[in-house]
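To start, the structure itself, in structure tokens.
The values are calculated or read from the model by the stated rules, or taken from the named source; none is laboratory data. On a predicted model such as this, the values are computed, not experimentally measured, just so you know. Counting neighbours? That spans all protein chains shown, and the Cβs are built from the backbone with ideal geometry, glycine included. Heavy atoms of the whole protein, side chains included, go into the accessibility calculation; ligands, DNA and RNA do not. Shrake-Rupley method; radii C 1.70, N 1.55, O 1.52, S 1.80 Å.
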Amino acid sequence: MIDSETHSHRPPKSTMGPPITAYVVPMILFMLLTWVEGRFPAVYIWIYFAKTAIITASLAFFYPKWKQEIRFDARVLPLAIVIGLAVFAEWILVDTWVKYPHITLGARTALNPFLAIPQSSLRMAFIAVRLFGIAVMVPIVEELFWRSFLLRYLTDQDFWKLPVGSFSWSAFAIVAVSFGFSHPEWLAAVLCAIAYGLLLKRTRSLFACIVAHGVTNLVLALYVLEYHAWRFW
């Protein structure tokens with residue numbers, strides 16, 4: 001009787017949602033390897049190459065679990081691009097004009113590749129991989145974790161039952177603050193999380209958030225390369 005009652009309350013395997021590991025493992029790898037690269041600046045370049053390869057492989061491995069959540073939708077592109085550009089502007093302006101203490105968690109390496117990498121071929125390879133990591137890999141990892149998984153999980157532990165973009169406002173606040181304090185520029189990051197969260201609420205599209213995040217990061221990276229603002233790198 002006990003066994004039958006236990007099984008009667010457990011959803012059939014076919015109706016279970018994607019495992020939490022599919023959302024969490026790439027983020028854990030990202031945070032762990034980011035911490036490692038900051039501790040070994042002498043070999044940072046090679047750690048970053050390895051980090052990008054490992055995390056990209058983890059995303060490819062788990063892709064079948066959440067691929068339905070990232071569906072291309074041309075209708076959301078204009079708004080996503082506008083939000084991405086607005087967050088880039090906000091990030092630069094807040095960090096330049098608002099005086100607030102940065103936090104050490106997730107401190108940036110701020111490596112200048114033009115000084116640190118004398119070999120031009122290696123330098124160009126590093127910049128290319130860095131741009132891929134910033135504009136493609138990071139947006140997918142972070143949006144899957146923060147705005148697909150955690151927003152819904154904090155709203156309902158059976159998070160897969162909620163459509164993407166459905167969440168409570170208490171979960172919204174927790175995620176915005178947590179996302180902010182996972183970045184050195186925490187104030188700019190909190191505002192960034194609010195913008196991406198509202199974009200998700202408006203579009204119900206994780207694809208829109210990934211595009212917006214990718215635009216923000218890509219333009220920020222190009223700004224860093226153009227103006228040598230390595231503190232954002």
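Values computed for the structure shown
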| read-out | value |
| --- | --- |
| Any hit, segment 187-205, residues being within 23 Å of residue 28 (Cβ to Cβ), touching a His at 6+ places or on another chain (Cβ under 8 Å), open to solvent by 20 Å² or more (accessible area, probe 1.4 Å) and not in a loop (DSSP other than H, G, I, E, B) | no |
| Some residue of segment 120-133 being of a type outside the set (A, V, I, L, M, F, W, C), surrounded by fewer than 13 Cβ atoms within 10 Å (Cβ to Cβ) and within 20 Å of residue 17 (Cα to Cα) | no |
| Sole exception among (1) free of Cβ contacts under 8 Å to residues at least 60 places away in the same chain; (2) not in a helix (DSSP H, G or I) for residue 184, by number | (1) |
